[in-house]
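Remarks on the structure that follows.
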Amino acid sequence: MENKLFLSEPPLVQLAGVIQEPFNLAIATARTCYSSKGIITREDVVKDEKSIILRDKIASSTLQAGHLTTRQHAQFVFALDRVSRQFIWSFLHSHPFYNSEQVSQRYVKVAPGHFTIPPMTEKQSKRYLEVIHLQMESYNHLIELLMPDIERRFYQLFPARKKKEEGYRLSLKKRAYEVARYVLPVATHAYLYHSISPLTLLRYLRLCEMFDTSFEQKYVVKRMVEEVLKVDPDFQKELKAPLPLEETPEFQIFQSLGNGNHTGQAKAFVKEFDESLDGHVSQLVDYKQNAETVMAQAVRDTLGLTRDRLSDDEAIRWVMHPEKNRYFGDTLNLTTLSKLTRTMVHAHYTFKKKISHTADSQDQ
C-alpha cells in the first residue's frame, strides 16, 4: 500500500503469527455443531468439490445469521509499528476482545520525531508540529527537572546505595520517564504485538471509518486484511465493506444538531462535566442497592448452603478477604474461573472520573 496521504512515515503492519486456514477452521467448527460423526476437520471441508461448495454455503449462511463464534477459534498476531497512541487508545484497545504487548512509555524514553501526522493543510500542519515540538520539549525538560529530586529522595531512603550511584542511574531515570510521559503528544508512535480473532478483524474492517482516528484506522485495518489474505485468500469471502462514516450513529447525531461551534461546545461540555464532579476527580454516581445481599446469596447458592449455615457477612468475607480467598494471591489470576469468586460480578458500581489519557490507556 502506497503512502500517499500520511505526512509522516506510515504505520508498519506485519502478520507475525496465525492459526493456519482460519476460513476452513471456522466452517469445520460450524459443521461439528451438527455432526453425528464426531469432529469435522479442516481437511474434511475441502476434501472434494461437493465439500467446498457446502463450505462456501455454510460460510455465507452462518455469517448472515450471526453465528459468529465460529470465527473466534483462529488467531491473528500482528506486529504493528509507527502507530499513534491515540489510535491504540481509541480503536485497538477500546473493546475487550484483544491481547496486546506494547512498548512502555514508563520505562523507555520517547525519542523526538516519532509521531503520526495525518493528512492536513500546510497551515494546519505548521500549527500541529508547533504543538508537538512544544510537548516534546516539555517532556525532556520535565525529565531534567525531576531527576535531582528523584535522586535525592532515593538516596535518603537507601543511603548505602549512593556508593553504587552509576548502577542505579538508569533505574532512577525510568521514574522520571514515568512522570514526564503525561505531557507527551497522543500522536506519539508506539510499537506492539496485537492479537485478535478473525471475527474482531471483520468488525475492525466494518467500523474502520468511524470516529476518532479514521484515517489511521482505515490504513492499518486494510493492511491487516492484506496480510491475512496473503496466507488465506478464502478469507476474502468473509469481508464486508466498511460502514461509511456518514452512516454511523455518531456522525448522524452531530449532523442532526447542525454545524455549530464545535470548539465552544467542547468547552461547554468540559465545564458542565467538571461542575458535576463538585470538586472531586472521581464520584460514585450509581450502584446496585442490594449488592451485598445478592452477592451473599449467590455465594450460598454456589455452595449449596442455607442462610443459617453461612451469614451474609461470612459469605462476603470468604470471597473478598485475601486471607480467606487464596485465589487473589495467585499470579495466574484465577478469579474468572472460580465459581465462588465470580459471585462478585453481581455487584456493580458506576463512577464518573476525570483522568488523563495516559491513565486511561494504562487501565485498558
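Quick notes on this one:
- Scanning segment 180-215 for residues that are without any contact (Cβ under 8 Å) to a residue 60 or more places away in the chain and either under 22 Å from Gly113 (Cβ atoms) or among the polar types (S, T, N, Q) (or both) yields Ala180, Val183, Ser214.
- Enumeration of residues in segment 237-250 that are touching a residue at least 40 places away in the same chain (Cβ under 8 Å) and either within 30 Å of Ile52 (Cβ to Cβ) or touching a Pro at 6+ places or on another chain (Cβ under 9 Å) (or both): Lys237, Glu238
- Segment 315-344, subset closer than 15 Å to Leu303 by Cα, of a type in the set (Lys, Arg) and in a helix (DSSP H, G or I), residue nearest to the chain's Cα centre (by Cα): Arg342
- Residue ID - surrounded by the fewest Cβ atoms within 10 Å (Cβ to Cβ), chosen from residues in segment 274-294 that are assigned to a loop (DSSP other than H, G, I, E, B) and aliphatic (A, V, I, L, M): Val281
- Just one of the numbered conditions (1) touching a Pro at 6+ places or on another chain (Cβ under 6 Å); (2) assigned to a loop (DSSP other than H, G, I, E, B) is not true of Leu305: (1).
- Set side by side, the residues Glu151, Glu101 differ, and just one is acidic (Asp, Glu), touching a Leu at 6+ places or on another chain (Cβ under 9 Å) and closer than 26 Å to Ser8 by Cβ, which is Glu101.
- All of Leu305, Leu340 fail the test of being surrounded by 12 or more Cβ atoms within 10 Å (Cβ to Cβ), free of Cβ contacts under 8 Å to residues at least 12 places away in the same chain and more than 30 Å from Gln105 (Cα to Cα), apart from Leu305.
- Selection from segment 27-52 of residues that are surrounded by 14 or more Cβ atoms within 10 Å (Cβ to Cβ), over 34 Å from the mean Cα position of the chain (by Cα) and among the charged types (D, E, K, R): Asp44
- Flag for Ser361 being surrounded by 12 or more Cβ atoms within 10 Å (Cβ to Cβ), among the polar types (S, T, N, Q), in a loop (DSSP other than H, G, I, E, B) and under 32 Å from the mean Cα position of the chain (by Cα): no
- Subset of segment 182-231 (residues that are assigned to a helix (DSSP H, G or I), modelled with pLDDT of 95 or more and among the polar types (S, T, N, Q)): Thr200, Gln217
- Residues located in segment 53-93, provided they are surrounded by 15 or more Cβ atoms within 10 Å (Cβ to Cβ), among the polar types (S, T, N, Q) and not in a strand (DSSP E or B): Thr62, Thr70, Gln72, Gln75, Gln86, Ser90
The values are calculated or read from the model by the stated rules, or taken from the named source; none is laboratory data. Only a predicted model underlies this, so the values are computations on that prediction, with no experimental measurement involved. In this analysis, Cβ positions are derived from the backbone assuming ideal geometry, glycine residues included, and neighbour counts consider all displayed protein chains.
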